[in-house]
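The next block holds one structure in the form of structure tokens; read it before the comments.
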Amino acid sequence: MTEEQGVESPENGADVEAETDEGVGFGAVDADIDVETVDVGEIQEHVADSDPEAVAEEIATLREHVGDLELELEEARAEREDFEDRLKRKQAEFQNYKKRQEKRREQERQRATEGLVTELLEVRDNLKRALEQDEDANIREGVEATFRQLDDVLASENVDPIEPEPGTDVDPQRHEVLLRVESDQSAGTVDEVQRPGYEMAGKVLRPAQVTVAEE
């Protein structure tokens, strides 16, 4: 090798090295990469684990699973909407049922005494016929019959008169004391009934008005 050739070789070698570096891409952009820290085996293992066919198959499986979940979600939403619709219908039906029951109970309350009133109408007719008799006619018998008829109507409704006998002890729940009078009866007992009372099925509708012997 000549001296001229020895001088040119380093320059040629430097040019080759620069071209090599530029070809590989180790320029200013990659200046911070530490080539010595790169594990080639790890990169190869990662590439092997990332087989395109396996990845594609896994993605397809995931997409199928997502599709199944979306379908289940739609079915759950449909079931919820159906349940809400049925619940609303049931609530509306229940409200209508309550309204019908309330209306029926009100009608029953209004007509609770229908049977009694029907019988009393017959009594009223008899009284009216008695009053329409001539002034000279004896209507006592007809009035007495009508009175008995009225008592029968009241008895059919479990209405009983409260008419305590003289000498009976005063019952504040069933007797109303009007006056205290001189009497042959024992002191503090009933002397006379001024107006009868009535009770229905054990409940006092109105107390009997009585006078009581003085003590």
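Couple of notes before you dig in:
- Residues being free of Cβ contacts under 8 Å to residues at least 40 places away in the same chain, buried (at least 16 other Cβ atoms within 10 Å of the Cβ), closer than 12 Å to GLN173 by Cβ and not small (Gly, Ala, Ser) - total across the range 186-207: 0
- Qualifying residue in the range 104-118 (condition: of a type in the set (A, V, I, L, M), touching a helix residue (DSSP H, G or I) at 6+ places or on another chain (Cβ under 8 Å) and either within 30 Å of SER156 (Cβ to Cβ) or at pLDDT below 80 (or both)): yes
- Test: residue in the range 115-123 that is farther than 19 Å from GLY202 by Cβ, among the charged types (D, E, K, R) and without any contact (Cβ under 8 Å) to a residue 60 or more places away in the chain: yes
- Condition met for GLN101 (part of a helix (DSSP H, G or I) and either among the hydroxyl-bearing types (Ser, Thr, Tyr) or out of contact with any helix residue (DSSP H, G or I) (no Cβ under 8 Å at 6 or more places or on another chain) (or both)): yes
- Qualifying residue in the range 142-161 (condition: among the acidic types (Asp, Glu) and either loosely packed, with under 10 Cβ neighbours inside 10 Å or in contact (Cβ under 8 Å) with a residue 40 or more places away in the chain (or both)): yes
- Of all residues assigned to the range 133-150, none qualifies as being β-branched (Val, Ile, Thr) and part of a strand (DSSP E or B).
- Check on ALA130, more than 54 Å from the chain's Cα centre (by Cα), farther than 30 Å from ALA213 by Cβ, in a helix (DSSP H, G or I) and modelled with pLDDT of 85 or more: no
- Hits in the range 104-127 - residues which are of a type in the set (Ser, Thr, Tyr) and either outside any helix (DSSP H, G or I) or in contact with a His (Cβ under 6 Å, 6 or more places away or on another chain) (or both): THR113
- Residue count for the range 39-80, restricted to those that are modelled with pLDDT under 75 and either within 41 Å of the chain's Cα centre (by Cα) or exposed (fewer than 10 other Cβ atoms within 10 Å of the Cβ) (or both): 8
- In summary, PRO172 fulfils each of the numbered conditions (1) open to solvent by less than 80 Å² (accessible area, probe 1.4 Å); (2) in a loop (DSSP other than H, G, I, E, B); (3) not polar (S, T, N, Q) with the single exception of condition (1).
The values are calculated or read from the model by the stated rules, or taken from the named source; none is laboratory data. What you are looking at is a predicted structure, and each value in this text was computed from that prediction instead of being measured. Glycine gets a Cβ as well: all are built from the backbone with ideal geometry, and neighbour counts include every protein chain shown. All accessible areas refer to the heavy atoms of the entire protein, side chains included, with ligands and DNA or RNA removed. Shrake-Rupley method; radii C 1.70, N 1.55, O 1.52, S 1.80 Å.
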